[in-house]
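The values are calculated or read from the model by the stated rules, or taken from the named source; none is laboratory data. Since the structure is predicted, the reported quantities are computational estimates derived from the model, not experimental observations. Note that we place each Cβ from the backbone using ideal geometry, even for glycine, and neighbour counts take in every protein chain shown.
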Amino acid sequence: MDVEKYEAIVANKERPISIIHIVTECKQNWKWFVLSAFCMTTLALTYVSIITPQYERSAELIIKDEDKTNSLLNSMNLGAFSNLGLLNNTSNINNEIRVFQSIETMQQLAQRLNLTTTCKISNGLFSHEIVSSDSPIKITFPNIKDNDFISLKIKLYKNGKFIISKLKKNENTYNDKINGNVNNIVKSSIGLIALTKTRSFISAFKGNDCIDLRITKERLYDKAKELQENISIKLTDDQTSVLDISYQDISGERAENIINTLIAIYQEEWLKDKNSNIISSSKFIDERIRNIEKELSSLDGNISQFKGDNLIPDYEEAAKTVLENATSTNEGILKLNNQLYVMEHMSKMMKRQSRQQLLPANLLPENENVNLQIKAYNDLLLKRSTLVENSSNKNPIVESTDNQISSLRHAIESSMNQGVAQLKIQLQNMNTEKGLVTNQISSTPKKVKQILPAERQQKVIEAVYIYLLQKKEENSISQIFTSKNIRVITPPVGKIRPVFPKKIRTCAAALLLGFILPLIFIFIRESKNNKIRVINDIGDSKLDILGEIPLCRNTGIIVQSNANDACNESFRILRNKLFRLKTSNGFTILTTSSQKGSGKTFTAINLAKTISLSNKNKVALIDLNFRNAGLSHLVKAPSNGIAQILNDNNLKWEDIIFHDDTTGNVDIIPAGTIPENPTELLSSNYLIDIIKDIKNRYNFVVIDTTNINKTADVDIIAPLSDINIFVLRSNLSEKESITISEKYTSENKLDNAYIILNGITTNS
């Protein structure tokens, strides 16, 4: 095939898909649509009947934003950190969502509800999972670790006996076959196995003597990962802190428990972090109280011994006036000493402890700035812990938080150093004032003067002790009354009906798919169909279209003088067109095709008869198809034909004329016995003479030949005809046939070449 021919074929294949043809194909293949719809609907009904239904539960809750550190950080010129997303409400909420969805949280959830162990009951060819409340037994593995995978099969009998088989632990498989009774512990290759009855033991059998169970214990991490992927936690919108938590499960009750337990675990962990400040402060206070108690005990003993040894009477009355004058001064000194004591010890503790440890809070009520700084510092440490838990230390946000913590720690150290310095100055001033008062007690006995410093120290330590006891009580009360950071708006609720599968929707979709699949098949077949079906499929051919012939039931001679059916009318139309093409008294017509079965012989014989019925024209019909002599076989002509005349010059063509009742006034010149050398016979000059003689005796001559793409026979005969007709058949001939016909006409320089489309159906 040359390039020109190939390009023409490709160009002809690029035709738009006919909607009419698709509709016609759908009508003709309606049974396939019905069958497909029935099969898909049946499959859908089977699917929805065997699939385990899923129920959905969802809850709504508000996360309270108690972050009060923004204003403090901004006042410290740390507001630039807000650009990192650490100091805005949306970021805080997203952090809490990450805590909700963290692996650690999910692991706690799986452990608390024992979600790692699943039980499936066999039901013939299928099996389905049952929840723990419906399970006939509770199974535990005392020796199994959280990260172990276990699977086994249990045949459970109604009398309480069981057989364990097909055990698997991690990657190892065991062929144990263990017999036992429920409410007992049995030994196996994977360790101890304990089976106990549940309330559903009897009802689970449903009249059977035994049931088959498949027990699986997943790895804790794998189950946590599964829960993490299946539990949906999202913000309802960006303008609120309302979270929507939803989960689907085979049991609506279990879905509710999972959501409620998840909320409870989150709240417990939040309260633990919230109380960590108070716990840190309590540890500091308890340590200082123990030390002060030792100091007071030692000091009290020394004072009592000194008084006893020196027989010192009660001097309070003697020094009453002086002490009253010094009361205000002493109170000020005590207060300053308390503050200085706490601040110095906190400053020393900050230098000793790790930067990741929380600082005692609310111990410096007189220094609000330091208290706020410590609270902000502790809050940032807690946030950092949450971030590291859900990412790593190398996370840019974590690194930025570390920088922020470092800056804030330096600020706290600076503030405490300044506070200590200020307190010392104030204390020095107060001591100077006290010195003036002390001079007033010069008249006090010498022994009394010796005891006064010890008693003053005793009072200072007692004041610090009482102060610390007060702070311990405040911390205890704060821990008791710590509020929750979430509020449940809507508890876990959901529809009674399962959300999956949706039976009506699934069956409707299956029914629709049943109709679509055949349509897709027809569409694909239609898109790849390159056959000619109607005249419009021929397109812009270089050959003129003479006409079309409908699909006729009879493939023989169908033309009748008084018939008015579509087939007869089509041949009359063709005849009239031919008469308009050639205005002379007669002409020769040649019929051929590009492939077998196109109907060229059918066209030739019926066209000849139609012409003979008009004005009783004399028509000769010549069979020059020396390959199969289809025309001669159709009319059952004798074995002697034109082939024999060409082989024997002594014979005359007039002697082989055949008349048939069905052909009417048409003289048929059969091909005769098929020769061994058809091309050589057709190339003889004697054939040309015979054709010329026949054309002189008849008004019209119709020649039936072989196909053009098989042999060179048509190349020899075509120049002898006045009109060359290429017969194409609907739904058989491809568009390549048009290209072949055009190429043949061009190469042989044939004029008056036409196309007839045969076998057109009324619904094509």
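Which one is modelled with the lowest pLDDT, of the residues in segment 1-38 that are farther than 25 Å from LYS743 by Cβ, exposed (fewer than 14 other Cβ atoms within 10 Å of the Cβ) and of a type in the set (A, V, I, L, M, F, W, C)? So the residue we want is ILE17. The set of residues in segment 651-701 being in contact with a strand residue (DSSP E or B) (Cβ under 9 Å, 6 or more places away or on another chain) and acidic (Asp, Glu) consists of ASP660, ASP667.
Output the residues belonging to segment 668-682 that are exposed (fewer than 15 other Cβ atoms within 10 Å of the Cβ), of a type in the set (S, T, N, Q) and either part of a loop (DSSP other than H, G, I, E, B) or in contact with a Leu (Cβ under 8 Å, 6 or more places away or on another chain) (or both). Listed by number, the list holds a single entry, ASN677. Residues in segment 552-570 that are outside any loop (DSSP other than H, G, I, E, B) and out of contact with any Asp or Glu (no Cβ under 8 Å at 6 or more places or on another chain): ALA566, CYS567, ASN568, GLU569. Summed over segment 336-374, the residues that are without any contact (Cβ under 8 Å) to a residue 12 or more places away in the chain and assigned to a helix (DSSP H, G or I) give a count of 5.
For segment 429-439, indicate whether the set of residues that are crowded, with 17+ Cβ neighbours inside 10 Å, under 60 Å from the mean Cα position of the chain (by Cα) and in a helix (DSSP H, G or I) is non-empty. The answer is no, given that none of the residues of segment 429-439 is crowded, with 17+ Cβ neighbours inside 10 Å, under 60 Å from the mean Cα position of the chain (by Cα) and in a helix (DSSP H, G or I). Here ASP148 passes the criteria (1) over 25 Å from GLN228 (Cα atoms); (2) within 32 Å of the chain's Cα centre (by Cα) except the one numbered (1).
Checked against the criterion of being surrounded by fewer than 16 Cβ atoms within 10 Å (Cβ to Cβ) and out of contact with any helix residue (DSSP H, G or I) (no Cβ under 8 Å at 6 or more places or on another chain), the candidates LYS749, LYS652 yield just one match: LYS749. Taking the criterion of being of a type in the set (Asp, Glu), out of contact with any strand residue (DSSP E or B) (no Cβ under 8 Å at 6 or more places or on another chain) and not in a loop (DSSP other than H, G, I, E, B), the residues of segment 220-252 that qualify are ASP222, GLU226, GLU229. Surrounded by fewer than 19 Cβ atoms within 10 Å (Cβ to Cβ), assigned by TED's automatic domain parsing to the domain that holds HIS633 and either on the phi > 0 side of the Ramachandran plot or not in a loop (DSSP other than H, G, I, E, B) (or both), is that true of ILE589? Criteria not met by ILE589. Take the conditions (1) at pLDDT 90 or above; (2) out of contact with any Ser or Thr (no Cβ under 8 Å at 6 or more places or on another chain); (3) over 28 Å from TYR266 (Cα atoms); ILE150 misses just one of them, which is (2). Within segment 592-629, being under 20 Å from ILE545 (Cβ atoms), β-branched (Val, Ile, Thr) and part of a helix (DSSP H, G or I) holds for THR603, THR610, ILE611.
Counting only strands (runs of 3 or more DSSP E) that sit completely within segment 85-177, those holding 2 or more residues that are surrounded by 15 or more Cβ atoms within 10 Å (Cβ to Cβ) and out of contact with any helix residue (DSSP H, G or I) (no Cβ under 6 Å at 6 or more places or on another chain) correspond to 117-123, 126-130, 137-140, 150-157, 161-169.
Scan segment 715-734 and tell me whether some residue there is without any contact (Cβ under 8 Å) to a residue 24 or more places away in the chain and either closer than 18 Å to LEU546 by Cα or part of a helix (DSSP H, G or I) (or both). Looking for residues that are without any contact (Cβ under 8 Å) to a residue 24 or more places away in the chain and either closer than 18 Å to LEU546 by Cα or part of a helix (DSSP H, G or I) (or both), one finds none in segment 715-734, hence no. Of the set (1) more than 19 Å from ASN159 (Cα to Cα); (2) surrounded by fewer than 15 Cβ atoms within 10 Å (Cβ to Cβ); (3) at pLDDT below 90, all apply to SER241 but (2).
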